Amino acid sequence: MSAGRTGHFLAGVMVVFGVLVGGDVLVRAGQEGSHMATSSGGSSEGAAPQCPLPLSDEELKKRLTAEQYQVTREGGTERPFANAYWNNKQPGLYVDVITGEPLFVSTDKFDSRTGWPSFTKPIKPEMVEERTDTGHGMVRTEVRAKGSGSHLGHVFDDGPAPTGQRYCINSAALRFIPWEDLEQAGYGQYRSLFTDTPSAH
């Protein structure tokens, strides 16, 4: 075989090899991408139905009521004794009104006589974040939902045992899932936080 033909032949082999390898890389990338989508974005059976934070502010304004938007996105405070859950005594789960992520449970709720839902602790500390709030001429510790970045309320060191903390939370930042609806709503794994037959307290 002449040098010219040999060069053409080798070039052809390299092209074919490149196509095969490139195709394999693309297939592998597609498989990995599919796995990542399933792992991070897909919901397995029994998993809590968490929705991603909408990309635009306009979407949030459409999804939320005016009060929910004002509280969660603008750091507002709802009126005490005139909100949905301040006196709610039913067993259940309190989730982020935007993402659906579980934040608080009724077994940690107590009557603080402040007019807002109060809890001794979040379900998992990593689900919330705390920031120093110097607004209104006071220094307080603000509580935000880590997943959505929403303003939830404030935490104070005047709560009951065992934590000594009072998470004073706006009802407008929460959605309540009754205990009997946990399985159907996709929060079945959180039933273990309750006794077998919880009752209103």
Under the condition of being of a type in the set (Ser, Thr, Tyr) and exposed (fewer than 15 other Cβ atoms within 10 Å of the Cβ), which residue from segment 55-86 is nearest to residue 111 (Cα to Cα)? 65
Result of the Cβ filter at 7 Å on segment 133-145, keeping first residues that are within 23 Å of residue 97 (Cα to Cα) and partners that are modelled with pLDDT of 95 or more and of a type in the set (Gly, Ala, Ser), at least 6 apart or interchain, is 143/153; 144/150
In the set 106, 118, 112, 150, the lone residue that is within 18 Å of residue 68 (Cβ to Cβ), touching a residue at least 24 places away in the same chain (Cβ under 8 Å) and small (Gly, Ala, Ser) is 150
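A quick yes/no check of all residues on (1) within 13 Å of the chain's Cα centre (by Cα); (2) assigned by TED's automatic domain parsing to the domain that holds residue 64; (3) aromatic (Phe, Trp, Tyr):
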site: 98; (1), (2), (3): yes, yes, no
site: 105; (1), (2), (3): no, yes, no
site: 158; (1), (2), (3): no, yes, no
site: 173; (1), (2), (3): yes, yes, no
site: 176; (1), (2), (3): no, yes, yes
site: 180; (1), (2), (3): no, yes, no
site: 184; (1), (2), (3): no, yes, no
Residue by residue through segment 153-192, note down the ones that are in contact (Cβ under 8 Å) with a residue 12 or more places away in the chain and polar (S, T, N, Q). 163, 165, 170, 171, 189
For residue 107, state whether it is part of a helix (DSSP H, G or I) and at pLDDT below 95. no
Residues of segment 121-176 being surrounded by 15 or more Cβ atoms within 10 Å (Cβ to Cβ), among the β-branched types (Val, Ile, Thr) and outside any strand (DSSP E or B), in sequence order, are 123
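The values are calculated or read from the model by the stated rules, or taken from the named source; none is laboratory data. Small disclaimer: the values here were computed from a predicted structure and weren't measured. Neighbour counts run over all protein chains shown; Cβ positions are idealised from the backbone, glycine included.
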